[in-house]
1. Over the stretch 107-182, what relative contact order in percent results from Cα pairs under 8 Å that are six or more residues apart?
2. Each residue of the stretch 113-120 in turn: what ³J(HN,Hα) in whole Hz from Karplus with 6.51, -1.76, 1.60 and θ = phi - 60°, glycine and Pro shown as x?
3. Please quote Rg/Rh for the stretch 107-182 to two decimal places, taking the Kirkwood radius as Rh and restricting both calculations to Cα atoms.
4. Amide H to amide H under 5 Å from residue 143: which residues, 5+ apart in sequence or cross-chain, H placed 1.01 Å off N in plane?
5. Which value, in debye to the nearest 20, gives the size of the charge dipole of the stretch 8-95 about its Cα centre, when Lys and Arg are +1 and Asp and Glu are -1 at the Cβ?
6. Can you work out D for the stretch 194-266 in µm² s⁻¹ from Stokes-Einstein, where Rh is the Kirkwood radius over C-alpha pairs, the temperature is 37 °C and the viscosity is 0.692 mPa s?
7. Efficiency by 1/(1 + (r/R0)^6): what FRET value for residue 55 and residue 172, r their Cβ-Cβ distance, R0 = 35 Å, to the nearest 0.05?
8. Where nothing but the Cβ of Lys and Arg (+1) and of Asp and Glu (-1) is charged, how large is the charge dipole of the stretch 194-266 around its Cα centre, in debye to the nearest 20?
Amino acid sequence: MPLVKSTPKDWDYVRSAFSTSIMVDTSLNSLAQNLDVPEWPIRGKDETPAKYIDLDYEEATELLQLKGQPPEQIDQLVHLLKETLAFDSPFGEMVEQAAVASERDNTLLKNLTKLNIPENFPIALTALEPGTLEFCTLEKLHTLGEFAVFAQSMSQAVIVGGDFKKLLNALSHVDESALAQVLPFRPGQKGLHLVEAVAHCSRHPDAPARVEIATTWFADDLAALEQELGAGQSIERRFVILGNPELEKRSISLLRPHLRVPTAARTAEPVAKKRSGWLSWFWRK
């Protein structure tokens with residue numbers, strides 16, 4: 001069936017409607033495959049509705065021609081977007097499949113898995129700057145997984161900066177050094193760690209409250225640390241990895257109230273070990 005000749009009015013309608021569609025960053029080829037329409041002839045990851053909808057009718061037509069397509073290709077684009085809009089509903093089967101496929105192809109989520117970083121790690125426990133944390137709160141991004149899905153779905157026209165961009169680039173390129181600046185991540189290892197989490201928390205005005213959240217999240221790490229302290233090891237030994245004496249001291253001070261071990265075991269050297277010679281005989285009396 002031949003395509004209907006489109007008009008600037010048709011184009012303005014579909015591009016306006018698509019600006020709020022959850023399919024705006026889905027490849028045009030994928031959209032075509034889900035519908036009974038001709039295959040989209042141009043290949044490329046950036047061949048999405050977002051590539052065209054900011055252009056007017058004439059500009060979109062010219063862009064398609066620059067890509068080696070005839071002027072009539074705009075008609076297929078209008079038809080494809082119209083057909084997609086007919087199914088663009090939160091309850092539509094196509095939307096569900098596209099959302100699942102999009103999450104499956106999410107590079108950021110894949111890299112989180114590769115690094116053994118939990119998707120449900122709280123954004124509140126990151127070292128993102130206050131402005132970025134506020135932005136995440138406004139966008140209802142509470143976990144790293146939600147951050148990854150949101151970042152992947154952003155239009156390429158959206159410009160982000162600051163720590164948002166730092167975390168986005170670090171996850172995209174698996175930059176371990178950059179990740180360690182915003183997450184309790186230890187370069188050369190996988191997963192997240194209590195020591196680094198407390199260190200990040202210590203830099204914030206509400207450090208005690210953040211540390212309390214961190215001890216809940218890293219409950220297994222905390223239990224392991226308590227076991228080490230109970231066996232006579234020093235807490236300073238665990239924090240020396242931070243490589244900053246002042247940061248180590250501040251972090252240890254914040255964590256100590258949450259340790260469920262005798263006070264003596266929280267110090268660098270258990271009190272019992274300091275007794276020797278005739279003093280040890282005296283204390284045994």
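1. Relative contact order comes out at 37 percent.
2. 5, 4, 8, 6, 9, x, 5, 8
3. 0.91
4. Under 5 Å from the amide H of residue 143 lie the amide H atoms of 123, each far enough along the sequence or on another chain.
5. Its charge dipole is roughly 180 debye.
6. For the chosen part, D equals 271 µm²/s.
7. 0.85
8. Approximately 200 debye in magnitude.
Where a number appears in this text, it was derived from the coordinates with a stated rule and is not lab data. Because the structure is predicted, anything quoted here is derived from the model rather than measured. FYI the Cβ positions are ideal-geometry reconstructions off the backbone, even for glycines, and counts take in every protein chain you see.
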